[in-house]
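What follows is a set of notes on a single structure, which appears directly below.
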Amino acid sequence: MNETVKHSLMFAFVGLLIILDGTTNYGIFSGTWNSALGILNMGLVSAIMALGVNLQWGFAGLFNIGIMGFTALGGLAVVLVTSAPTPGAWSEGGIGIIMALALGAMTVVAAVMITKKMRAGKQRMLILGAVLIGGFFAYRAIFDPAVSGVEAINPALLGSLGGLGLPVLLAWPAGGLLAAGAAWLIGKTALGLRSDYLAIATLGIAEIIIAVMKNEDWLSRGVKNVVGLPRPMRKEIVLQEDPGFLETAASLGLDPVLASTLYVKISYSLLFTAVLLVLLWMAQMGLKSPWGRMMRAIRDNEVAAEAMGKDVTRRHLQVFVLGSAICGIAGAMMTTLDGQLTPGTYNPLRFTFLIWVMVVVGGSGNNFGAVLGGILIWFFWIKVEPMGTGLMNFVTSGLAEGSALKTHLLNSTAHMRLFTMGLILLLVLRFSPRGLIPEK
Amino acid sequence: MDFLNAIVALTNYVMIPAIAYGSQLALGALGVTLIYGVLRFSNFAHGDTMAFGTMATILVTWWMQSMGINLGVLPTALLALPFGILGTMGLLLFTDRVVYRFYREQKAKPVIFVMVSLGVMFMMNGLVRFIIGPGDQRFTDGVRFIISARDFKAMTGLREGLAIKTTQGITVIAAVIVVAALFWFLNRTRTGKSMRAYSDNEDLALLSGINPEKVVMYTWMIVAALATIAGVLYGLDKSFKPFTYFQLLLPIFASAIVGGLGNPLGAIAGGFIIAFSEVSITYAWKKVLRYLMPENLQPDSLVQLLSTDYKFAVSFGILLIVLLFKPTGLFKGKSV
């Protein structure tokens, strides 16, 4: 059996899992198309994230464990681009906030300039300290009143700057841009140091991005969440009132409520597949091009690549920004799919380390592997719980009904997810480190 | 009088919490730095190792409490601590045997070790949540305060109170004992010396007949003890929640790197630097300044530099500054 057939069969197997989930309710399968399409949609988003991580790790060997942060920035972009501007927010304090942020940025730039231009010594330290402290207090003096002005506007419903009110599809590239900007900043400081320093730096920046999104209410309402984000297609409610749609649903023999949810989910699947295919094509072209060969050469031997005149740090920065941008796009898509931004739900285990499991299981260095791993692992992530419940029911079948141990074991099945994912990661790393679809 | 009040307020709200938190971070960072020095990778499972050790201790504590065993004024957890350490040692030696040893024999790259430790982290996290659940657990008993704020006020007649929790006292004393014992072990005993030799120069150590497997085994055992003690002290002082322990990873790594990865003395210094910065930057200084400033200059705002939710940002900021200006850390660490 040649490679292509084998790999196509793997994709067919994942497709079969999704189809089975839609058609049969035997064992772990749910038997509803609603749930099957839900898994598929998040699987497609995960596949895109895995593609981004694969670009960084598989192509260039960069160890980024801040994916959660870039994903969250994508989600933030959706709010900033699509939600309607809050009336009066800009005059209340919006301009003040922008001015304060600009002042903060200028302070940092000034500090960097001082460090670079002046000679080291006591004088530099003093001036640097004065600029930083003065800049900070000036920033707070402008920032604080502006923020309380914005947050005072109808805090139960608004209380933030709102967005630009643009169509939601524009938010996806905007999410990519926002994530790319953050990646550039972090890459500029942490790349060029040892690999685990980059890991720790990205882990930290992700936590900080989430902390900012949770606390800065003027930006995206913080933990009060933004709900009811616009969608790229008609809402279920609208569809159910459209006579043309009702007629089509009736002719297919479907209940109008079910038909409308399926319509929305299938539209998302098609959109996401289109984005995935475009990005996959781009990544594939990148991998085959001289640029991709150079990246792999740098990954395999940095010293040799540097001797050949390649600027390793610059190339690393480039690929780091590109990969993070893809994660940002995926994050924006996910927030659009959910229709809401809930900063409290971002958790590194789910949004960072799970993506790593996807890439490693799929096959790092191979774009198709990343896509396969993304959808497959997402399927298992959802299905580990029913599997665990089944297993626990079997294990505890011998125990007395109502015993404390039995209740505890049955209630704990939800936590088997993390355990199983860790186990899968360790097993793949040990016995098949090249993954399901290895790099060519 | 105002000056004394200011000093007391500062001690009560900044110094004491920061010293206790710094001791806990220092113990955690010592574990990270030892693994880095001997096994040469950043162990991302360290936070969850701490959680596992604490969980084991909590379970024994609960059992002891149900049997009516206690330490009187001190928390029962201190009595349960050795059992928790033994359990964690068992777990770490088991993970080393079934997971890490394979990669050591292969001489895998450090980044592979880090990824493997991510897998271990996932499994430990799942295990802890599976056994004790994801919620908050309190297991402190005994007397709550060494000095309570009211007693202090009555004693001195000052307006500001000074409270020292028993757990804070225990944290500092335990940290001093543990650090002293660790340094004695590393500098004076044969095994400790062989560990340092192995960390400094692996080939030379092998050449002089040091058994690497034994060194690795002792390292894991010491790390298990450090992680469990750090975790239990943190849990006694605050509370135990698996996710919080996972999040401690960031300040712990920051402490270890700021001090210089692989350098035990640096880890301790780093722990206190991070703790003091975190506490003092997120503390609202209004209270202290009110005593020190003349009436007309007194601040209206809280004078809090950053809200407490940004404490991770503080450790991260310090980490970035150190990485930019002195990548090997304040004390000379290893840089591979």
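Computed from the coordinates by the stated procedures, all read-outs in this text should not be read as laboratory data. Note that the coordinates shown come from a computational prediction; the quantities given were computed from them, not determined experimentally. Glycine gets a Cβ as well: all are built from the backbone with ideal geometry, and neighbour counts include every protein chain shown.
Find the percent of Cα-Cα distances in region B:94-222 that exceed 26 Å, and round it to a whole number. Taking all Cα-Cα pairs of region B:94-222, the fraction more than 26 Å apart is 55 percent. Can you give me the angle between helix B:212-237 and the longest principal axis of chain B, using Cα atoms only, in degrees from 0 to 90, rounded to the nearest 10? Helix B:212-237 and the main axis of chain B meet at about 20 degrees. Extending 7 Å from Cα along the Cβ direction at A:A400 and again at A:M294 yields two label points whose distance is 7.3 nm. Built from the Cα atoms of region A:276-382, the convex hull projects on average onto 7.8 nm², one quarter of its surface area.
Can you grab the distance from the C-alpha centre of region A:101-178 to the C-alpha centre of region B:226-267, Å, no decimals? Between the Cα centres of region A:101-178 and region B:226-267 lies a distance of 31 Å.
Return the FRET efficiency for the residue pair B:D151, A:A141: r is the Cβ-Cβ distance, R0 is 41 Å, and the value is rounded to the nearest 0.05. Computed FRET efficiency for B:D151 and A:A141: 0.50. Between the Cα long axis of helix B:264-282 and the first principal axis of chain B there is an angle of about 30°, rounded to the nearest 10. Each 10 Å bin from zero up to the one holding the largest Cα-Cα distance in region A:316-358 carries the following percent of pairs: 24, 50, 24, 2. The alpha-carbon atoms of region A:334-417 define a convex hull whose volume equals 129 cubic angstrom per residue.
Here the simple spin-label model places points 7 Å from the Cα toward Cβ, and for A:S267 and B:F185 these points are separated by 6.3 nm. Please label the shape of region A:86-161 as rounded, prolate or oblate, based on the square roots a ≥ b ≥ c of the eigenvalues of the alpha-carbon gyration tensor (a/c under 1.5 means rounded; beyond that, a/b larger than b/c means prolate, else oblate). The shape class here is prolate. In units of the rule-of-thumb radius 2.2 N^0.38 Å, region B:70-122 shows an alpha carbon radius of gyration of 1.66.
In the protein assembly as shown, the alpha-carbon atoms span a convex hull of 214 Å³ per residue. Highest mean packing first, where packing is the average number of other Cβ atoms within 10 Å per residue, the peptides B:242-252, A:12-22 line up as B:242-252, A:12-22. Placing a label point 7 Å from the Cα of B:S301 along the Cα-to-Cβ direction, the residues of region A:143-172 whose backbone N falls under 14 Å of that point are A:143-149. Other protein chain C-beta atoms within 10 Å of residue C-beta, averaged over A:396-409: 0.
Modelled spin labels at B:V14 and A:L246, positioned 7 Å past Cα toward Cβ, are 6.9 nm from each other.
For the pair A:T115 and A:L16 in one chain, pulling the backbone fully straight at 0.36 nm per residue adds 29.7 nm over the alpha carbon distance. Under conditions of 37 °C and 0.692 mPa s, chain A yields 136 µm² s⁻¹ as its translational diffusion coefficient, taking Rh as the Kirkwood radius over Cα pairs in the Stokes-Einstein equation.
Lysine pair count for chain B (Cα-Cα distance under 25 Å; residues 8 or more apart in sequence or on different chains): 28. If you plug the beta carbon distance of A:K440 and B:R104 into 1/(1 + (r/R0)^6) with R0 = 35 Å, you get a FRET efficiency near 0.75. For B:F145, nonlocal amide neighbours, meaning residues 5 or more places apart or on other chains whose placed amide H falls under 5 Å from its own, are B:T166.
Rounded to the nearest 10 degrees, the angle from helix A:416-431 to the longest Cα principal axis of chain A is 80 degrees.
Percent of Cα-Cα pairs more than 37 Å apart in chain B, please. Tail fraction, whole percent: 21. Legend: calculated FRET efficiency, A:L427 to A:W281, from the Cβ-Cβ distance at R0 = 35 Å, rounded to 0.05, equals 0.65.
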